[in-house]
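Trainee: Okay, here's the structure, questions in a sec.
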Amino acid sequence: MSALSSSERSALDAAIRQAEQTSRAEFSVFVGPVEGDAAAFARRLHRAMTAPAISVLVMVDPDARVVEVVTGSTVRRTLSDAQVELGMATMLASFRDGELVEGLRRGLAYLAEHARPSLVRHAAE
């Protein structure tokens, strides 16, 4: 797979920033070849993030047709495994149409929306 163009990188950066603003979680995307087991590789990348507990890593190896999403312990409180699976399905639908960046953009938006902490309102005492 060829590297992302500068306009694709820019679009992906904007999608990551929007996801972070929406969810208050840290998002990272890795697009490239996987070394060894995909799930283990994704977990290693996630652990290397600045704040893994509040982070979401999306790893895509287009040539191997592999997608992994790893969520931190804090993010898992609001983003369920079922929601991650639906986010991945959103990405995969676009990937099948040859739309890598659009799939990532849609997937990030979906994951961010569901990772957003709910507002807790307390009644006046």
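Trainee: Only one of these is closer than 22 Å to residue 116 by Cα, open to solvent by less than 70 Å² (accessible area, probe 1.4 Å) and not aromatic (Phe, Trp, Tyr): 45, 12, 4. Name it.
Mentor: 12
Trainee: Still on this structure, I have one more. Would you please name the residue that is nearest to residue 111 (Cα to Cα), looking only at residues in region 25-46 that are out of contact with any strand residue (DSSP E or B) (no Cβ under 9 Å at 6 or more places or on another chain), of a type in the set (D, E, K, R) and modelled with pLDDT of 95 or more?
Mentor: 44
Trainee: For region 48-67, enumerate the residues that are of a type in the set (A, V, I, L, M, F, W, C) and surrounded by 15 or more Cβ atoms within 10 Å (Cβ to Cβ).
Mentor: Selection gives 49, 54, 56, 57, 58, 59, 60, 66, 67.
Trainee: If you don't mind, another one. Looking at region 68-88, which of the residues that are closer than 23 Å to residue 35 by Cα and not β-branched (Val, Ile, Thr) is most open to solvent (accessible area, probe 1.4 Å)?
Mentor: Checking each candidate, the answer is 85.
Trainee: Another one. Restricted to region 52-105, and to residues that are charged (D, E, K, R) and closer than 18 Å to residue 17 by Cα, which residue is farthest from the chain's Cα centre (by Cα)?
Mentor: Out of the qualifying residues, it is 102.
The values are calculated or read from the model by the stated rules, or taken from the named source; none is laboratory data. Nothing here was measured: the structure is a model prediction, and the numbers come from that model. With ideal geometry, Cβ positions are generated from the backbone for all residues, glycine too; neighbour counts draw on all protein chains shown. Side chains are part of the model used for accessible areas, which takes the heavy atoms of the whole protein and leaves out ligands, DNA and RNA. Shrake-Rupley method; radii C 1.70, N 1.55, O 1.52, S 1.80 Å.
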